[in-house]
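First up is the structure itself, then whatever we jot down about it.
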Amino acid sequence: MRSFAVFEEDKPAAVRLLHEPESRNGSGFAGRNDIASDHLLLDEYSRTVVGAVERVAPAVVNIEIEQQSKSHSRHIGGSGSGFVITPDGFILTNSHVVHGASQIVVNLSDGRDYPAQLIGDDPETDLAVIRIDAPHLVHVRLADSESLRVGQIAIAIGNPLGFQASVTAGVISALGRSMYSQSGRLIDNIIQTDAALNPGNSGGPLVNSAGEVIGVNTAMIRPAQGICFAIASNTAKLVAGWLIRDGRIRRSYIGVAGQNVPLHRRIVRFYNLALQTGVLIVSVEKNSPAQRTGLREGDIIVAFDAAPIGSVHDLHKMLVGEQIGVPAKLTLIRHTEKLELSILPAESPAHA
């Protein structure tokens, strides 16, 4: 009887696959080395999220409030999230979490409970600052939200539905969104994320991979999944500073809703503009300073009183209380023409 040696190339293809070396072959199957590499990638992502959470979670608080009913016959309870922004006890949260509260109690991550004082409340940006008198507080750092990019990691920490210190992770889905606050006015420069939010997350931090706060979680769209919003950290820094200093915000307004847009490089060169971005006017309020001045949808604001305007945040910084009733020069691009108009900012109706 003759015996035959079976060579590798004589084996059926399916049999050869079972004996492939431990590496990815041309058919797309993964060997052990590739599986190990995938695990390393997953571990790196996990380490990034874990590190960010460990830095921020000790500063995240649960906020419990009581409100009196309109008939004053009973107390209504509620809760939300917040986070410590200074070592001396200032806490940032949403306005709708604490607005109208008769009593506020803060639960720290280490189990301590403290009564809180409302320092200031700004329904127009849905932001508020409260304060507790407590030692050994961990606080967070607010990042520069102008440097954010779509697609980067976004981590939400809060207390949804009473589940304290819950973490969800995703990415930044879009930048420069606008949404209505509970006061009925538009909040500009909103961050959209797919990091899941639920009732109780409101007021908690949205964090980047470095453990810096990039936004204040504020809303989700029901019943949609993965469409959640946060107020940008630059807006939060500006508003929190005013609330801590004055307890309220007296601001001027011109009556436009806008979003950040890039400028065509030919226009930048032709007019020798200082910045390559501006604020596109997407709507003009009736009977507002903007309408009286003749601003139109589609105009792009590039300067206010000779100060370059490259973002909605830049414009908000200019529209402070001291600007109320003071004529200002507004520089804009209409189609390809550069215009300079005189505008008289008024006090924001919510603060008049």
Condition first: aliphatic (A, V, I, L, M) and under 12 Å from Ala59 (Cα atoms). Now tell me which residues in the stretch 106-121 satisfy that. Val106, Leu108
Give the residues of the stretch 203-250 that are more than 20 Å from Glu146 (Cβ to Cβ), in contact with a Gly (Cβ under 9 Å, 6 or more places away or on another chain) and in a loop (DSSP other than H, G, I, E, B), sorted by residue number. Gly203, Gly204, Gly226, Gly247, Arg248, Ile249, Arg250
Members of the stretch 254-294 that are among the polar types (S, T, N, Q), assigned to a loop (DSSP other than H, G, I, E, B) and within 24 Å of Val320 (Cβ to Cβ): Asn287, Ser288
Of the listed residues (Leu341, Leu319), the one being of a type outside the set (Lys, Arg), at pLDDT 95 or above and surrounded by fewer than 21 Cβ atoms within 10 Å (Cβ to Cβ) is Leu341
Has the stretch 260-276 got at least one residue that is in contact with a strand residue (DSSP E or B) (Cβ under 6 Å, 6 or more places away or on another chain), closer than 25 Å to Val150 by Cα and among the hydroxyl-bearing types (Ser, Thr, Tyr)? no
Is one or more of the residues making up the stretch 249-264 more than 30 Å from Gln291 (Cα to Cα) and of a type outside the set (Ser, Thr, Tyr)? no
Determine whether the stretch 82-102 contains at least one residue that is farther than 22 Å from Val239 by Cα and touching a strand residue (DSSP E or B) at 6+ places or on another chain (Cβ under 9 Å). yes
Please go through the stretch 244-256 and pick out each residue that is surrounded by 18 or more Cβ atoms within 10 Å (Cβ to Cβ) and touching a Phe, Trp or Tyr at 6+ places or on another chain (Cβ under 7 Å). Ile249
Mind checking whether some residue in the stretch 55-75 is of a type outside the set (A, V, I, L, M, F, W, C) and in a helix (DSSP H, G or I)? yes
Only one of (1) out of contact with any Leu (no Cβ under 8 Å at 6 or more places or on another chain); (2) at positive phi; (3) not basic (Lys, Arg) does not apply to Leu319, and that is (2)
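Matching residues to (1) within 24 Å of Leu344 (Cβ to Cβ); (2) among the aromatic types (Phe, Trp, Tyr); (3) surrounded by 23 or more Cβ atoms within 10 Å (Cβ to Cβ):
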{"residue": "Ile227", "(1), (2), (3)": "no, no, no"}
{"residue": "Ala232", "(1), (2), (3)": "no, no, yes"}
{"residue": "Trp242", "(1), (2), (3)": "yes, yes, no"}
{"residue": "Gly258", "(1), (2), (3)": "yes, no, yes"}
{"residue": "Leu263", "(1), (2), (3)": "no, no, no"}
The listed residue being polar (S, T, N, Q), surrounded by 13 or more Cβ atoms within 10 Å (Cβ to Cβ) and outside the structural domain of His99 (by TED's automatic domain parsing), out of Ser283, Ser288: Ser288
Given the residues Thr293, Thr336, which is the only one that is farther than 17 Å from Asp188 by Cα, of a type in the set (Val, Ile, Thr) and in contact with a helix residue (DSSP H, G or I) (Cβ under 7 Å, 6 or more places away or on another chain)? Thr336
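Residue-wise test of (1) aliphatic (A, V, I, L, M); (2) surrounded by fewer than 20 Cβ atoms within 10 Å (Cβ to Cβ); (3) out of contact with any Pro (no Cβ under 6 Å at 6 or more places or on another chain); (4) at pLDDT below 95.
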| residue | (1), (2), (3), (4) |
| --- | --- |
| Phe270 | no, yes, yes, no |
| Thr277 | no, yes, no, no |
| Leu295 | yes, no, yes, no |
| Leu315 | yes, no, yes, yes |
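The values are calculated or read from the model by the stated rules, or taken from the named source; none is laboratory data. A quick note: this is a predicted structure, and the numbers were derived from the prediction, not measured. Neighbour counts run over all protein chains shown; Cβ positions are idealised from the backbone, glycine included.
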